[in-house]
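This report concerns only the one structure given below.
The values are calculated or read from the model by the stated rules, or taken from the named source; none is laboratory data. Just so it is clear, the model here is predicted, and its values are computed rather than measured. So basically every Cβ, Gly included, is an ideal-geometry build from the backbone, and we count neighbours across all protein chains shown. Accessible surface is based on the protein model in full, side chains and every heavy atom, while ligands, DNA and RNA are left aside. Shrake-Rupley method; radii C 1.70, N 1.55, O 1.52, S 1.80 Å.
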Amino acid sequence: MAENRKPVISVRNLAKNYGELKVLRKIDMNIYKGEVVSVIGPSGSGKSTFLRCLNYLEELTSGEIDIGGVSLKGIDEAKHNKKLNEKAAKVIRKNVGMVFQQFNLWPHKTVLENVMECPIQVKKANKEETKKKAMELLARVGMDGKADAYPTQLSGGQQQRVAIARALAMEPEVILFDEPTSALDPEFVGEVLNVMKDLAQAGMTMIVVTHEMGFAREISDRVIFMDDGIIAEQGSPNEIFGNPRNPRTKEFLSKVL
């Protein structure tokens, strides 16, 4: 049982406010090694904010996140924990990759240079070894033939596959995907989802914020439905898509399926 294993990520009483606006309210959850967790829900429900808190792209208002024994804690008005969190975030980001909606590739660097940059700059990795590993990762996502191209010469789907290779280059324990297909033309969605399916089958721990319900149903170990800043319901894909219990989950799925 997963509950008997130590979680890779543990979230306790997480809250995130922007002034008076409460975006996240008392989020509690564990993520276990090798799990693929899809986070679904309406726009504005807090899905992307939750993901950004895990990688400390957003400060925590209250609560705690533990990733691999490294903790992030809520920051009060006196900015307590801010420096500790910033130090912890540097460690966490070495082990937690993130793939964004808008790819965020460096436009002035080639595909190969984009994948090599972080291991060399952050981990001070050997350049020749990093280049070899980068080419292997590009082959894994079907982009080795574009190693010398620049991002502007690529389709959206190709750019996103490079972004996935770039995240993998840091050899992360977990990869966070923030609606990775939402900025793509429909014809390119499948190629990105196929790469993600391959990662899931290889045992990568993944948290995926997505509007792709078919993908969430097919590939997830667990599906989380968020609404109004809380986890309204969670369960297996069969439970969430086949027999949702929360009326809000039922209403949402009736509109998107």
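Data for the structure
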{"read-out": "Computed [θ] at 222 nm, deg cm²/dmol, the chain (DSSP H ≥ 4; -39,500 (n - 2.57); rounded to nearest 500)", "value": "-11500 deg cm²/dmol"}
{"read-out": "Calculated P(r) of the chain - Cα pairs past 29 Å, %", "value": "31 percent"}
{"read-out": "Carbon/sulfur fraction of accessible area - the range 1-145, other protein chains in place, 1.4 Å, %", "value": "50 percent"}
{"read-out": "Per-residue SASA entry for Y150, accessible area with 1.4 Å probe, Å² rounded to 10", "value": "90 Å²"}
{"read-out": "Surface per residue (accessible, 1.4 Å probe) for the range 92-189, Å²", "value": "48 Å²"}
{"read-out": "The range 54-68 and the range 139-157: distance between their alpha carbon centers, rounded to Å", "value": "33 Å"}
{"read-out": "Virtual spin-label span in nm between E128 and K90, 7 Å along Cα→Cβ", "value": "3.0 nm"}
{"read-out": "Accessible-area ranking of F103, F177, largest first, probe 1.4 Å", "value": "F103, F177"}
{"read-out": "Highest-fluctuation residue, V208, V189, V96 considered, GNM on the chain with Cα pairs under 10 Å", "value": "V189"}
{"read-out": "Proximal lysines to K16, defined as alpha-carbon separation beneath 24 angstrom and excluding residues fewer than eight positions away on the same chain", "value": "K26, K47, K73, K79, K82, K83, K87, K90, K94"}
{"read-out": "Candidates V70, V209, V115, ranked by Gaussian network fluctuation over the chain, Cα under 10 Å, top entry", "value": "V70"}
{"read-out": "Debye equation applied to the C-alpha atoms of the range 43-178, log10 I(q)/I(0) at 0.15, 0.16, 0.18 Å⁻¹", "value": "-0.77, -0.85, -0.99"}
{"read-out": "Span-like helix ranges in the chain, DSSP H, alpha carbon extent 15 angstrom or more, Kyte mean at least 0.5", "value": "111-122"}
{"read-out": "Rounded to 5, the percent of DSSP beta bridges in the range 11-105 classed as antiparallel", "value": "100 percent"}
{"read-out": "Set of lysines near K146 by C-alpha distance (under 18 Å), chain-local residues within fewer than 8 positions excluded", "value": "K109, K131, K132, K133"}
{"read-out": "Rg/Rh (Cα only; Kirkwood hydrodynamic radius) as it applies to the range 112-156", "value": "0.99"}
{"read-out": "Among T152, T130, T110: highest mean-square fluctuation, GNM of the chain, C-alpha pairs under 10 Å", "value": "T152"}
{"read-out": "Full-stretch length increase - Q102, S43 - with 0.36 nm per residue and alpha-carbon distance subtracted", "value": "19.5 nm"}
{"read-out": "Separation in nanometres of the label points that stand 7 Å from Cα toward Cβ, at D148 and K6", "value": "4.7 nm"}
{"read-out": "Theoretical FRET efficiency, 1/(1+(r/R0)^6), r = Cβ-Cβ of N17 and D185, R0 35 Å, to 0.05", "value": "0.45"}
{"read-out": "All-pairs alpha carbon distance profile, the range 114-224, 5 Å steps from 0, percent", "value": "2, 11, 22, 23, 20, 12, 6, 2, 0"}
